[in-house]
1. Using the Cα centre of the stretch 21-110 as the reference point, and only Cβ charges (+1 on K/R, -1 on D/E), how large is the resulting charge dipole? Debye, rounded to the nearest 20.
2. When the Cα centres of the stretch 223-248 and the stretch 30-70 are compared, how far apart do they sit, in Å?
3. About the Cα centre, and with charges only on the beta carbon of Lys, Arg (+1) and Asp, Glu (-1), how big is the dipole of the stretch 97-222? Nearest 20 debye, please.
4. Which FRET efficiency value, to the nearest 0.05, do you get for residue 163 and residue 63 by plugging their Cβ-Cβ distance into 1/(1 + (r/R0)^6) with R0 = 41 Å?
5. At a Cα cut-off below 17 Å, give the lysines reachable from residue 84, other chains included and same-chain residues fewer than 8 away excluded.
6. Ignoring ligands, DNA and RNA, how do 242, 186 rank by accessible area with a 1.4 Å probe, largest first?
7. Too long at a 19 Å Cα-Cα cut-off: which of 216/245; 127/176; 118/173; 176/216?
8. Taking only the alpha-carbon atoms of the stretch 23-170, what semi-axes of the equivalent ellipsoid follow from 5 times the gyration tensor eigenvalues under a square root, in whole Å, largest first?
Amino acid sequence: MTWSHNLDSSTPAYQISSSKNRRIRVIAGPGTGKSFAMKRRVARLLESGIQARSILPVTFTRVAADDLHRELVNMGVPGCEELKGVTLHSLALRILMRNHVLLATGRTPRPLNDFEIKPLEADLAAKHGGVRNIRKKIKAYEAGWARLQRDDPGYILSQEDREFLGDLLPWLKFHKAMLIGEVIPYLYDYLAANPAAQERTEFSHILVDEYQDLNKAEQGVILLLSNNADVCIVGDDDQSIYSFKHAHPAGIRD
């Protein structure tokens with residue numbers, strides 16, 4: 001089955017799939033076929049001879065990544081077996097584990113398990129107002145990363161927060177671990193600080209589904225990975241339901 005099988009050339013799905021524009025943004029409501037069009041676009045790229053390793057399809061969940069792969073296999077698209085849809089977290093962990101990136105960041109990208117959080121809380125509790133206060137500070141730290149608050153004009157870290165980070169970061173480094181909320185921001189910082197990094201030109205095509213559900217740091221990573229890449233983002237700014245994960249729906253509008 002070819003990428004254009006049963007696709008009417010007058011439909012938006014065909015136009016999205018076939019477009020040669022380097023930057024494509026699709027905003028449409030639920031059930032309108034945004035994800036379907038993105039899958040057909042991936043199929044066209046593979047059929048045109050683009051190497052699977054240079055295509056980065058980003059999905060919001062692992063289930064969606066598996067669904068993308070399964071549909072391409074069912075279509076019989078050449079090279080589909082080598083193509084893997086990824087979540088940004090899995091991509092970030094993969095990149096952060098590279099030796100040259102480990103040296104650059106000085107951090108081990110091993111997210112703490114739930115049972116490992118308790119020793120962290122216990123070790124820092126006495127100095128920083130108890131376990132409840134530690135939990136609040138960790139949430140605030142991760143939220144600040146996700147929103148890239150450090151980049152906001154006039155942003156200043158309080159003395160209390162500086163002291164907390166002064167104890168938190170050495171603890172994490174000693175235990176060779178990261179908070180889950182640090183994974184994407186550390187990749188963002190690495191890419192931003194290294195304009196010549198190979199990762200910034202690793203992909204020739206980047207496609208992102210449900211872009212409105214990514215937070216500001218995640219959207220920043222997509223931008224930094226797209227130095228030489230054609231980029232297609234799809235989503236619906238009115239459909240974002242992940243405010244508790246600091247989703248940045250304004251990103252797809254901007």
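The values are calculated or read from the model by the stated rules, or taken from the named source; none is laboratory data. All figures in this text were calculated on a predicted structure; none of them were measured in a lab. Using ideal geometry, Cβ is built from the backbone for each residue, glycine included, and neighbour counts are taken over all protein chains shown. The area values use the complete protein model at the heavy-atom level, side chains included, leaving out ligands, DNA and RNA. Shrake-Rupley method; radii C 1.70, N 1.55, O 1.52, S 1.80 Å.
1. Working: 16 positive and 6 negative charges, 84 e Å.
My answer is approximately 400 debye.
2. 15 Å
3. Values: 17 positive and 19 negative charges, 87 e Å.
I would put it at about 420 debye.
4. Values: r = 41 Å, r/R0 = 1.00.
E between residue 163 and residue 63, to the nearest 0.05, is 0.50.
5. Within the straight-line cut-off, residue 84 pairs with 39.
6. On the way: 242 55, 186 35 Å².
Sorted by accessible area, descending: 242, 186.
7. Over 19 Å Cα-Cα: 127/176; 176/216.
8. Numbers: eigenvalues 328, 66, 49 Å².
Square roots of five times the eigenvalues give 41, 18, 16 Å.
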